[in-house]
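Visitor: Before anything else, here's the structure in question.
The values are calculated or read from the model by the stated rules, or taken from the named source; none is laboratory data. The structure displayed is predicted, hence computed values, not measured ones. FYI the Cβ positions are ideal-geometry reconstructions off the backbone, even for glycines, and counts take in every protein chain you see. Ligands, DNA and RNA are excluded from the accessible area calculation, which covers all protein heavy atoms including side chains. Shrake-Rupley method; radii C 1.70, N 1.55, O 1.52, S 1.80 Å.
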Amino acid sequence: DTAVSQTPKYLVTQMGNDKSIKCEQNLGHDTMYWYKQDSKKFLKIMFSYNNKELIINETVPNRFSPKSPDKAHLNLHINSLELGDSAVYFCASSRRARQGPSLNTEAFFGQGTRLTVV
Amino acid sequence: LAKTTQPISMDSYEGQEVNITCSHNNIATNDYITWYQQFPSQGPRFIIQGYKTKVTNEVASLFIPADRKSSTLSLPRVSLSDTAVYYCLVGDTGGFKTIFGAGTRLFVKA
């Protein structure tokens with residue numbers, strides 16, 4: 001079974017369209033993330049959700065809206081797509097970390113969704 | 001947030017030990033040091049995590065000096081399949097603010 005799965009794997013669409021990327025994790029994790037990897041391979045966190053609650057929104061345009069219907073799902077909806085949105089989007093999940101130097105916040109990543117806006 | 005600096009790329013040969021050093025001069029008290037590996041067209045994969053001194057698992061070792069301002073990922077006897085990008089991350093215990101740097105592209109030659 002795939003721990004973190006994203007669909008679709010590839011997405012080609014025209015400017016101005018609205019699209020969604022779905023993510024599901026079967027690890028029982030409380031925290032889920034969306035990352036964007038650009039052409040230079042920099043991985044930037046976009047959103048972080050813990051127990052369906054938004055924790056981080058890292059200066060992402062309002063056109064990007066995450067939706068977490070339950071702890072196992074974190075979908076990403078993008079309105080009015082622009083050329084600059086072309087990138088690989090990764091979903092990830094991890095256990096909620098506790099304070100202290102004895103824990104493991106290992107994040108599990110999906111295979112990525114390559115979005116191409118033309 | 002602690003920023004990390006690591007070499008852009010490294011070359012090695014099969015069977016050699018590879019050490020990749022990461023600098024994180026402004027690491028905070030609660031920050032952990034985590035390394036991930038990423039193959040082309042795949043998501044990053046956790047390798048190892050540590051707070052101080054040395055950590056070893058079946059894949060790698062992580063050396064962290066007492067001042068924690070740097071860390072070294074050691075890959076014993078690399079193979080061609082270890083060719084990948086290796087990311088050093090420094091983040092708070094919640095993991096929510098974990099930032100990926102530019103990574104080190106390791107190329108292992110036969």
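Visitor: Which residue, B:TYR32, B:ASN19, B:PRO65, has the largest displacement toward the positive end of the dipole of segment B:1-68 when charges sit on each Cβ (Lys, Arg +1; Asp, Glu -1)?
Guide: B:TYR32
Visitor: Contour minus end-to-end for B:LYS52 and B:LEU80, with contour as 0.36 nm per residue of separation and end-to-end as the Cα-Cα distance?
Guide: So the chain would gain 7.1 nm between B:LYS52 and B:LEU80.
Visitor: So, one more: Would you please classify the overall shape of chain B from the alpha carbon gyration tensor, given that a ≥ b ≥ c denote the square roots of the eigenvalues, rounded means a/c under 1.5, and beyond that prolate means a/b larger than b/c while oblate covers the rest?
Guide: Taking the square roots of the gyration eigenvalues as a ≥ b ≥ c, chain B is prolate.
Visitor: Still on this structure, please answer the following. Round to a whole number: what % of the accessible area of chain A belongs to carbon and sulfur, probe 1.4 Å?
Guide: Here it works out to 47 percent.
Visitor: Heavy-atom accessible area per residue, segment A:1-116, 1.4 Å probe: how many Å²?
Guide: Dividing the accessible area of segment A:1-116 by its residue count gives 52 Å².
Visitor: Please report Rg (one decimal) and Dmax (integer) in Å for the Cα set of chain A.
Guide: 14.1, 47
Visitor: If you plug each phi of segment B:5-16 into the Karplus form 6.51 cos²θ - 1.76 cosθ + 1.60 with θ = phi - 60°, what whole-Hz ³J(HN,Hα) values come out, in order, with x for Gly and Pro?
Guide: Values per residue, Gly and Pro as x: 10, 9, x, 5, 8, 8, 10, 8, 10, 3, x, 7 Hz.
Visitor: List the accessible area buried at the contact between A and B, summed over both sides and calculated with a 1.4 Å probe, in Å² to the nearest 100.
Guide: Its buried surface, counting both partners, is about 2100 Å².
Visitor: Put simply, what bits of segment B:18-33 lose 40 Å² or more of accessible area when the other protein chains are there, versus the chain on its own (1.4 Å probe)?
Guide: Listed by number, the residues meeting the 40 Å² cut-off are B:TYR32.
Visitor: Provide the per-residue ³J(HN,Hα) series for segment A:70-82, in order, calculated from phi with Karplus coefficients 6.51, -1.76, 1.60 and θ = phi - 60°, each as a whole number of Hz, with x at glycine and proline positions.
Guide: Karplus-based 3J(HN,Hα) across segment A:70-82 equals 7, 5, 8, 10, 9, 9, 10, 10, 10, 9, 6, 4, 10 Hz.
Visitor: What Kirkwood Rh does the protein assembly as shown have if only Cα atoms enter the pairwise 1/r average? Answer in Å.
Guide: 18.1 Å
Visitor: Using Cα positions and a limit of under 28 Å, work out the lysines in reach of B:LYS69, with same-chain residues fewer than 8 apart set aside.
Guide: A:LYS36, A:LYS40, A:LYS41, A:LYS44, B:LYS3, B:LYS52, B:LYS54, B:LYS97
Visitor: Could you name every residue in segment A:72-92 that has 10 Å² or more less accessible surface in the full protein assembly than in its own chain alone (probe 1.4 Å, ligands and nucleic acids excluded)?
Guide: Buried on complex formation: A:PHE90.
Visitor: Let's see if you can work this out: charge +1 on each Lys and Arg Cβ, -1 on each Asp and Glu Cβ, no other charges. What is the dipole magnitude of the protein assembly as shown about its Cα centre, in debye to the nearest 20?
Guide: Charge dipole of the protein assembly as shown: 200 debye, to the nearest 20.
Visitor: Roughly speaking, to the nearest percent, how much of segment B:3-110's 1.4 Å accessible area is carbon and sulfur?
Guide: Summing carbon and sulfur atoms, their accessible area is 53 percent of the total for segment B:3-110.
Visitor: Work out, in µm²/s and without decimals, the Stokes-Einstein translational diffusion coefficient of segment A:2-59 at 25 °C, 0.890 mPa s, Rh from Kirkwood over C-alpha pairs.
Guide: Details: Rh = 13.3 Å.
It comes out at roughly 185 µm²/s.
Visitor: Related question: Can you give me the Cα centroid spacing of segment B:33-71 and segment A:4-42 in angstrom?
Guide: Answer, in whole Å: 25.
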